[in-house]
1. So in the stretch 1-31, with the set limited to residues that are open to solvent by 100 Å² or more (accessible area, probe 1.4 Å) and of a type in the set (Val, Ile, Thr), which one is farthest from Ala49 (Cα to Cα)?
2. Can you find even one residue in the stretch 59-74 that is more than 23 Å from the chain's Cα centre (by Cα), of a type outside the set (D, E, K, R) and more than 30 Å from His16 (Cβ to Cβ)?
3. For the stretch 57-106, which positions are open to solvent by 80 Å² or more (accessible area, probe 1.4 Å) and in a loop (DSSP other than H, G, I, E, B)?
4. Write out, first by first residue and then by second, each pair whose Cβ atoms fall under 6 Å of each other, whose residues are 6+ apart or on separate chains, and whose first residue, in the stretch 54-81, is under 15 Å from Lys120 (Cβ atoms) while the second is of a type outside the set (D, E, K, R) and open to solvent by 70 Å² or more (accessible area, probe 1.4 Å).
5. Quick one: Tyr51 ticks every box in (1) free of Cβ contacts under 8 Å to residues at least 40 places away in the same chain; (2) under 22 Å from the mean Cα position of the chain (by Cα); (3) surrounded by 10 or more Cβ atoms within 10 Å (Cβ to Cβ) except a single one, so which number is it?
Amino acid sequence: MNRDGAHRTAFELLAHPEIGRVQVLTAWPELADIRVDVVKQLDIESRYAGYLDRQRHDIDAFRHDESLVLAEDVPYEQIGGLSTEGVVKLKPARPATLGAAARISGVTPAAITALLRYIKGGRTAQGVCP
């Protein structure tokens, strides 16, 4: 248990740079029989677990956003932050979803971000709310 009262597993404790195998074995002596190579692998995985969780969250958010429907009459030329090239690519294509827009050749991540901001914010000309 930590000072904050939360229980931690050996795996969670290994994620902290100041905690190593010796400290974990002090708390859980029954883990001493685990092979050293396995402990090293657990140590590596525990240190990256937080990053992997965030990446999974980002992927889930992207998948959700990817399915957002775009209106047929999106005023691409009026979306703040959308480059001229983005307008030139998106306007004639009139993609049905944000994911379809992202798959258009030449449409940049910045253009998708501007489009997402427009969709989620209910924005109109130059990014100003109605």
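1. My answer is Thr26.
2. Among the residues of the stretch 59-74, at least one is more than 23 Å from the chain's Cα centre (by Cα), of a type outside the set (D, E, K, R) and more than 30 Å from His16 (Cβ to Cβ), which makes the answer yes.
3. Let us first name the residues in the stretch 57-106 that are open to solvent by 80 Å² or more (accessible area, probe 1.4 Å), namely 57-58, 60, 62-64, 69, 72-73, 77, 84-85, 88, 91-92, 94, 103, 105.
Hits for the stretch 57-106 are Glu72, Asp73, Arg94, Arg103, Ser105.
4. Cβ pairs passing all conditions: Gly80/Gln126.
5. In the conditions (1) free of Cβ contacts under 8 Å to residues at least 40 places away in the same chain; (2) under 22 Å from the mean Cα position of the chain (by Cα); (3) surrounded by 10 or more Cβ atoms within 10 Å (Cβ to Cβ), Tyr51 misses (3) alone.
The values are calculated or read from the model by the stated rules, or taken from the named source; none is laboratory data. Just so you know, these numbers come straight off a predicted model, no measurement behind them. Virtual Cβ from ideal backbone geometry, glycine too; neighbours counted across all protein chains shown. Note: accessible area is taken over every heavy atom of the protein model, side chains too, but ligands, DNA and RNA are not part of it. Shrake-Rupley method; radii C 1.70, N 1.55, O 1.52, S 1.80 Å.
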